[in-house]
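The values are calculated or read from the model by the stated rules, or taken from the named source; none is laboratory data. For clarity, every value in this text was computed on a predicted model and none was experimentally measured. Cβ placement follows ideal geometry from the backbone for every residue including glycine, while neighbour counts extend to all protein chains displayed.
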Amino acid sequence: MNQNPIQRNTDGQLNIENLSIEHIAKEVGTPCYVYSRNGIRSRWQAFDIAFGQQPHLVCYAVKTNSNLAVLQTLAQAGAGFDIVSGGELARVLRAGGDAQKVVFSGVGKTVSEMRFALQMGIKCFNIESEAELYRLEHVAQEQAIPAVVSIRVNPDVDPKTHAYISTGLKENKFGVSFDKAFELYRYAFASEHLVVQGIDCHIGSQLLDLAPLQEAAKRVVAFQQKLASEGIYLHHIDMGGGLGINYQDEDQAPSPAHYVNAIIKAIGQTDIEILVEPGRAIVGNNGVLITKVEYLKENEGKHFAIVDAAMNDLIRPSLYGAWQEICEVTTSNSTKQLIDIVGPVCETGDFLGKQRQLAIQEGDYLAVLSAGAYGFVMSSNYNSRPRAAEVMVDDDCYHIVRKRETLDDIMCGETLID
């Protein structure tokens, strides 16, 4: 399935794969996240196929959407995984993922997380600091298991994206400078408890311009050649993820093939394995958030639709000022009007979209598109709101892959004082 799995049929009904979104909403209830299984699998395969005969591993960025059914779908396709916590590693393993295809990123790895990852036999630790390298060496010695490492370099390249999701500038908390990395590689190469495997670089998320990525790749290759001149040979180059998706029509996100080809062109002909870590580009446009219109409100000419989804369900609009398309699940001949889509949370910042042209009535369903990435995973119980259900669609049937939380669920770890 190469086309967008979310399409409107001739009757005006919004479908995901071959199933009506309204049908899911009525049976499962709202708010509800819905994902396309075939769309996710196809999108990962687009990255994998683009590499051709080049040695490679496409590692899905688990932080993007860590539902077990999503991870299971990708594991069955042969994906590797990029994790940033011990919890994400546990999820990958529970979903049937191969630990030997897991790379462990993140700036704050704890001793217990390092032990767990070593015991499970992951592919590589992406080291983010000098202190982390020393800690991992100590844990590896303690466990009597050599730790395979890659140093994450910060190339100081502007990714031209949102400041909150930029990771490749020197003022960002991620990675180390090339000078510091050279010192760390020499140290790791001489250590009895560390095994130098690769080099890692990730400049940011929602990349729509591939030129910064290519510039970073060229700097990484030049550094890799410097290491080789010192007798330190690398087995892989990890260029991270970050490929953006289309949220609005004017955004022209590169395809997975263009992204992969840009990296290969910048790196040049090599037998070294190339790793990439896409997340948003795999699941983002393969998911929707369904919500129901509870009330319509007019305030001196200003129109609001108060829906049952809120900033606790989808925080991107409030946190980043992010724009996501919102459309009617079923179209009608009613007159469209400019309307703000807001939730019931007690915050002025609780909105899903502002000034949208929609024709809706109370009780109608709306779909927030491009919600497969950084949607449910960033949700919370703010205002004591149970988190939404998650559904996976496979052709013309669906599976509830996370039950809707209950009030008992969200209070189960709390106790009263006697």
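Among (1) on the phi > 0 side of the Ramachandran plot; (2) under 26 Å from the mean Cα position of the chain (by Cα), which single condition is Gly301 missing?
(2)
Mind listing whichever residues of the stretch 326-367 are polar (S, T, N, Q), part of a loop (DSSP other than H, G, I, E, B) and farther than 21 Å from Gly29 by Cβ?
Thr331, Ser332, Asn333, Ser334, Thr335, Thr348
Yes/no matrix, rows are residues, columns are (1) surrounded by 22 or more Cβ atoms within 10 Å (Cβ to Cβ); (2) over 24 Å from Ala373 (Cα atoms); (3) outside the structural domain of Ala140 (by TED's automatic domain parsing); (4) touching a residue at least 60 places away in the same chain (Cβ under 8 Å):
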position: Ser191; (1), (2), (3), (4): no, yes, no, no
position: Leu194; (1), (2), (3), (4): yes, yes, no, yes
position: Pro212; (1), (2), (3), (4): no, no, no, no
position: Lys218; (1), (2), (3), (4): no, yes, no, no
position: Gln225; (1), (2), (3), (4): no, yes, no, no
position: Leu243; (1), (2), (3), (4): yes, no, no, no
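Could you check, for the stretch 81-96, whether at least one of its residues is among the charged types (D, E, K, R) and either closer than 29 Å to Lys292 by Cα or modelled with pLDDT under 95 (or both)?
Checked against the condition, which is being among the charged types (D, E, K, R) and either closer than 29 Å to Lys292 by Cα or modelled with pLDDT under 95 (or both), the stretch 81-96 yields no hits at all.
Restricted to the stretch 2-12, and to residues that are touching a residue at least 12 places away in the same chain (Cβ under 8 Å) and under 20 Å from Tyr247 (Cα atoms), which residue is surrounded by the fewest Cβ atoms within 10 Å (Cβ to Cβ)?
Asn2
Is it the case that Thr335 is surrounded by fewer than 23 Cβ atoms within 10 Å (Cβ to Cβ), modelled with pLDDT under 95, of a type in the set (Val, Ile, Thr) and touching a strand residue (DSSP E or B) at 6+ places or on another chain (Cβ under 9 Å)?
The answer is no for Thr335.
Can you name every residue in the stretch 246-285 that is in contact (Cβ under 8 Å) with a residue 40 or more places away in the chain, part of a loop (DSSP other than H, G, I, E, B) and not hydroxyl-bearing (Ser, Thr, Tyr)?
Asn246, Gln248, Asp251, Gln252, Ala253, Pro254, Gly268, Asp271, Ile272, Glu277, Pro278, Gly279
Which one of these does Lys109 not meet: (1) in contact with a strand residue (DSSP E or B) (Cβ under 8 Å, 6 or more places away or on another chain); (2) of a type outside the set (S, T, N, Q); (3) under 19 Å from Arg402 (Cβ atoms); (4) assigned to a loop (DSSP other than H, G, I, E, B)?
(3)
Could you go through the stretch 311-322 and let me know if any residue there is assigned to a strand (DSSP E or B), over 15 Å from the mean Cα position of the chain (by Cα) and among the small types (Gly, Ala, Ser).
no
Would you check which residues across the stretch 219-273 are under 22 Å from the mean Cα position of the chain (by Cα), at pLDDT 95 or above and of a type in the set (D, E, K, R) and list them?
Hit for the stretch 219-273 is Asp238, nothing else.
Every residue, every condition in (1) out of contact with any helix residue (DSSP H, G or I) (no Cβ under 7 Å at 6 or more places or on another chain); (2) hydroxyl-bearing (Ser, Thr, Tyr); (3) not assigned by TED's automatic domain parsing to the domain that holds Ser255, yes or no:
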position: Val28; (1), (2), (3): yes, no, yes
position: Phe51; (1), (2), (3): no, no, yes
position: His56; (1), (2), (3): yes, no, yes
position: Ala69; (1), (2), (3): yes, no, yes
position: Thr73; (1), (2), (3): no, yes, yes
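Looking at Asp394, Asp364, Asp408, which is the one that is surrounded by 17 or more Cβ atoms within 10 Å (Cβ to Cβ) and farther than 23 Å from Gly39 by Cβ?
Asp364
What about Met114, is it buried (at least 21 other Cβ atoms within 10 Å of the Cβ) and without any contact (Cβ under 8 Å) to a residue 40 or more places away in the chain?
Numbers: buried (at least 21 other Cβ atoms within 10 Å of the Cβ): yes; without any contact (Cβ under 8 Å) to a residue 40 or more places away in the chain: yes.
Spelling it out, Met114 is indeed buried (at least 21 other Cβ atoms within 10 Å of the Cβ) and without any contact (Cβ under 8 Å) to a residue 40 or more places away in the chain.
Identify, by number, the condition in (1) out of contact with any helix residue (DSSP H, G or I) (no Cβ under 6 Å at 6 or more places or on another chain); (2) without any contact (Cβ under 8 Å) to a residue 40 or more places away in the chain that Ala61 doesn't meet.
Going through the list (1) out of contact with any helix residue (DSSP H, G or I) (no Cβ under 6 Å at 6 or more places or on another chain); (2) without any contact (Cβ under 8 Å) to a residue 40 or more places away in the chain, Ala61 breaks only (2).
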